[in-house]
Amino acid sequence: MVIIKPCTEIVGSCTADDYLLSFFTREKNQKKWHGEIPPLEKRKETLLANWPSKFPFKGEREATWHICQICTVEELEQLWMHKHGDWLEKHDLWHGSHWLGDLAKTAIETGFFQNSNKRDTGQYKNYCRWKDKKLHGQLDGYEKPLLVEEDNHIDILDGFGRLLPYLVLVYEGKEFFPFSAYLAR
């Protein structure tokens with residue numbers, strides 16, 4: 001596989017606060033966050049206390065914030081999924097590659113989305129929600145993933161539960177539509 005760095009064409013500007021509002025709105029909509037969305041001045045602190053892996057550099061250094069466009073399937077395939085613990089192994093998705101394209105192919109080969117034991121995963125839920133719909137617009141608004149630009153790859157920091165089923169559905173014949181993502185540098 002030839003490695004191409006995904007499109008980091010900047011199509012807009014944003015702030016950490018834009019991402020934080022999206023994160024908490026999505027969590028609230030999915031009933032994973034109970035109560036009110038934290039006030040603006042408490043959002044980063046609340047996210048870091050509960051989900052430190054969902055914020056760039058775990059909040060330990062500054063990032064610049066942008067909106068970028070993923071323009072092609074090839075760019076989507078070249079996003080990198082970091083490993084946290086043994087989740088990828090437990091779900092039989094880890095076969096030695098961090099690239100989203102390889103993880104999506106493994107999901108198809110292992111029948112991940114046909115296994116009702118995966119029902120509680122965000123990946124499975126999104127796959128089922130989208131399989132009879134067009135993919136256009138599924139990653140818009142509060143569903144935009146968060147990517148982080150590293151030296152030699154673009155890391156999926158928040159959005160694997162959306163990006164994996166999106167790519168699998170494209171492999172299964174759905175039309176790919178370019179989409180925007182938050183990009184922290």
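The values are calculated or read from the model by the stated rules, or taken from the named source; none is laboratory data. Predicted model, so just to flag it, every value in this text is computed and none were measured. Glycine also receives a Cβ, built like all others from the backbone with ideal geometry; neighbour counts cover every protein chain displayed.
The table that follows gives values for the structure above.
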| quantity | calculated |
| --- | --- |
| From 111, 141, 137, 159, residue being among the small types (Gly, Ala, Ser) and over 22 Å from residue 26 (Cβ atoms) | 111 |
| Pick from the stretch 22-43, criterion among the hydrophobic types (A, V, I, L, M, F, W, C) and within 16 Å of the chain's Cα centre (by Cα), ranking: surrounded by the most Cβ atoms within 10 Å (Cβ to Cβ) | 23 |
| For residue 136: the one exception among (1) modelled with pLDDT of 95 or more; (2) in contact with a strand residue (DSSP E or B) (Cβ under 7 Å, 6 or more places away or on another chain) | (2) |
| Selected residue (criterion: nearest to residue 155 (Cα to Cα)) from residues of the stretch 81-124 that are touching a Pro at 6+ places or on another chain (Cβ under 9 Å) and not polar (S, T, N, Q) | 104 |
| Residue 72 being within 30 Å of residue 15 (Cβ to Cβ), among the β-branched types (Val, Ile, Thr) and in contact (Cβ under 8 Å) with a residue 12 or more places away in the chain | yes |
| Residue satisfying condition, being touching a residue at least 12 places away in the same chain (Cβ under 8 Å), hydroxyl-bearing (Ser, Thr, Tyr) and in contact with a Cys (Cβ under 9 Å, 6 or more places away or on another chain), within set 142, 182, 171 | 182 |
| Scan of the stretch 98-124 for residues that are surrounded by fewer than 19 Cβ atoms within 10 Å (Cβ to Cβ) and among the aliphatic types (A, V, I, L, M), ordered by number | 108 |
| All positions within the stretch 83-104 that are under 17 Å from the mean Cα position of the chain (by Cα) and of a type in the set (D, E, K, R) | 83, 102 |
| Positions within the stretch 44-69 being in contact with a Leu (Cβ under 9 Å, 6 or more places away or on another chain), assigned to a helix (DSSP H, G or I) and farther than 29 Å from residue 106 by Cβ, in sequence order | 44, 46, 47, 59 |
| Unmet criterion (only one of (1) over 18 Å from residue 68 (Cα atoms); (2) touching a Leu at 6+ places or on another chain (Cβ under 8 Å)) for residue 124 | (2) |
| Single unsatisfied condition, residue 150 versus (1) loosely packed, with under 15 Cβ neighbours inside 10 Å; (2) within 16 Å of residue 82 (Cα to Cα); (3) at pLDDT 95 or above | (3) |
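Yes or no, residue by residue, for (1) part of a loop (DSSP other than H, G, I, E, B); (2) within 17 Å of residue 64 (Cα to Cα); (3) at pLDDT below 90; (4) of a type in the set (D, E, K, R):
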| site | (1), (2), (3), (4) |
| --- | --- |
| 6 | yes, no, yes, no |
| 12 | no, yes, no, no |
| 19 | no, yes, no, no |
| 24 | no, no, no, no |
| 28 | no, no, no, yes |
| 34 | yes, no, no, no |
| 42 | no, no, no, yes |
